[in-house]
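The values are calculated or read from the model by the stated rules, or taken from the named source; none is laboratory data. These numbers come from a predicted model, not from an experiment. Don't worry about glycine lacking a Cβ; one is built from the backbone with ideal geometry, like all the others, and counts go over all protein chains shown. With ligands, DNA and RNA removed, areas are computed over all heavy atoms of the protein, side chains included. Shrake-Rupley method; radii C 1.70, N 1.55, O 1.52, S 1.80 Å.
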Amino acid sequence: MTLPPDEDLMLQVRDGAGETLGVLFDRYQTPLFNFYAKLTGDRTLSEDLVQEVFLRILKYRQSYRPGTPFRAWVYQIARNARIDHFRKFPPQTALEPEMLPPVLPTDSAQEQQEVELLQRALQQLPEQKREILLLCRFQELKYEEIAALLGCELNTVRTRIHRALQDLRKAFHQLARGTMLKKTEAAAVENIPPRGGRHEV
């Protein structure tokens, strides 16, 4: 059985079939939560913002136009919901990488560490660069959709993504070097011989 596309479901919601919103919720709840969590570093706030998005979809359903890609439309609502929230409640605490959602289990400890480093590197980027990378790489929006979201030219989106990726790589490599240095220092401390300069038998 072929599932109806998001756009058809949204048209049903617009025409009064409120129960259809549950299908869209199931499809977008996790992606939206991950988007907010990586952007804000706050799980509770992310859950609240996801709820706000779907309340707004219901409230502004009549503004949805046939032919509009639903994904781009819903992320526009998501961006506005976050902006409105921080306008009312300016952030008081710095982002903490450990507040991010847990990474998926991997077979390799090294892969796990790299994912954690990548998340920490992402948190070090300015918000605008972090957001555009999340939209492009994690939410898989097309460049055209991002350009419409941000209200800028397609070439501007390409340039911003390119620069954000450069900064992300730089932050990642700095963190990776720092992690290696700590491991080396820890190993050196473990190998310090006992007092007297001789290893006891």
Check: What chymotrypsin sites (Phe, Trp or Tyr not before Pro) does segment 36-75 have in DSSP loop regions with at most 15 other beta carbons within 10 Å?
Finding: TYR60
Item checked: Binned Cα-Cα distance frequencies in segment 1-51 - 10 Å width, integer % -> 26, 39, 28, 8
Margin query: If DNA, RNA and ligands are ignored and the probe is 1.4 Å, what is the ranking of GLU140, GLU52, GLU131 by accessible area, most exposed first?
Written below: GLU140, GLU52, GLU131
